[in-house]
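All remarks here apply to the structure that follows.
The values are calculated or read from the model by the stated rules, or taken from the named source; none is laboratory data. None of the values given here were measured: they were computed from a predicted structure. When we count neighbours, we look across all protein chains shown, and the Cβ atoms used for this are built from the backbone with ideal geometry, even at glycine. Surface areas here come from the heavy atoms of the whole protein model, side chains and all, with no ligands, DNA or RNA. Shrake-Rupley method; radii C 1.70, N 1.55, O 1.52, S 1.80 Å.
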Amino acid sequence: MNPAPSNPNSNGATTTSAGSAVGGVAPSPTFSPLYQQIKALITQSLQSGEWKPGELIPSEVELAGRYKVSQGTVRKAIDELAAEHLVVRRQGKGTFVATHNEARAHFRFLKLMPDEGVPQHLDHDYLEVKRIRAPAEVARLLELKSGDAVVYIKRLMSDGGAPTILEELWLPGQLFKGLTAERLAEYKGPMYGLFESEFGTRMIRASEKIRAVAADAPTAQALKVPEGTPLLCADRVSFTYGDKAVELRRGLYLTTKHHYQNELS
């Protein structure tokens with residue numbers, strides 16, 4: 001990989017094409033702080049698989065030498081990557097590529113929490129897993145052509161034997177060849193861990209819309225509640241590197257003993 005194409009200075013600014021430092025002047029539309037350029041280069045290495053999920057990445061000193069920048073610039077880049085959950089710092093051990101197989105990663109995307117006690121892993125039962133042609137809206141949200149193959153998954157998630165979440169997922173068929181009900185059922189870790197380890201697809205961010213709905217007859221039957229019971233509906237599109245949409249998920253949440261919790265900062 002080529003080193004960053006800009007020259008660092010004491011405050012981490014890049015230079016203009018004429019060679020003058022961009023410090024107190026207003027930034028141009030093409031201005032990018034040096035640490036963000038280094039962040040982009042590290043992200044490229046993560047995306048290409050140079051460092052696999054769970055692996056230790058080079059130290060800040062090694063990365064500074066590689067990109068010919070200061071250690072402070074590298075540290076700032078890694079700070080942002082850690083804040084975005086792409087890497088994980090471990091005291092005394094170094095910085096590792098984040099993985100969905102870590103226990104805490106499970107609750108990063110699942111925001112339904114029990115009203116009492118601590119969150120527990122939910123049991124899940126796969127009701128349907130099949131390859132279908134993408135409906136128009138699914139194709140649009142996943143940036144596919146209408147009619148392209150997608151993997152459709154429907155599962156019921158239960159807390160202590162009580163049905164709590166009914167989910168539907170749509171995944172690009174080209175990326176998830178070989179994903180079957182049998183493989184999902186035998187995999188014991190989080191679903192995103194399977195996507196990461198066996199299909200090379202890591203979810204790094206998601207966009208979610210939430211609204212209140214009433215349970216229709218099939219949903220009420222699955223969740224064992226009366227028809228018309230209030231539910232929380234969350235429509236989520238998850239993205240991998242390069243802002244590529246790779247999953248559409250709709251969750252219907254029963255909130256009798258649970259609530260949706262999100263930390264804002």
Among 233-242, 43-52, the order from most to least packed when residues are scored by Cβ within 10 Å on average: 233-242, 43-52
The stretch 136-221 - percent of accessible surface contributed by carbon and sulfur, probe 1.4 Å: 51
Cβ-Cβ FRET estimate between E137 and A162, R0 fixed at 25 Å, reported to 0.05: 0.20
Semi-axis lengths (Å, descending) of the ellipsoid that matches the C-alpha gyration tensor of the stretch 177-265: 27, 19, 12
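Calculate, for the stretch 164-252, the solvent-accessible area per residue in square angstrom, rolling a 1.4 angstrom probe over the heavy atoms of the protein chains. Present the calculation step by step, with values, prior to reporting the outcome.
Working: 4000 Å² over 89 residues.
Spelled out: the 1.4 Å probe surface of the stretch 164-252, per residue, equals 45 Å².
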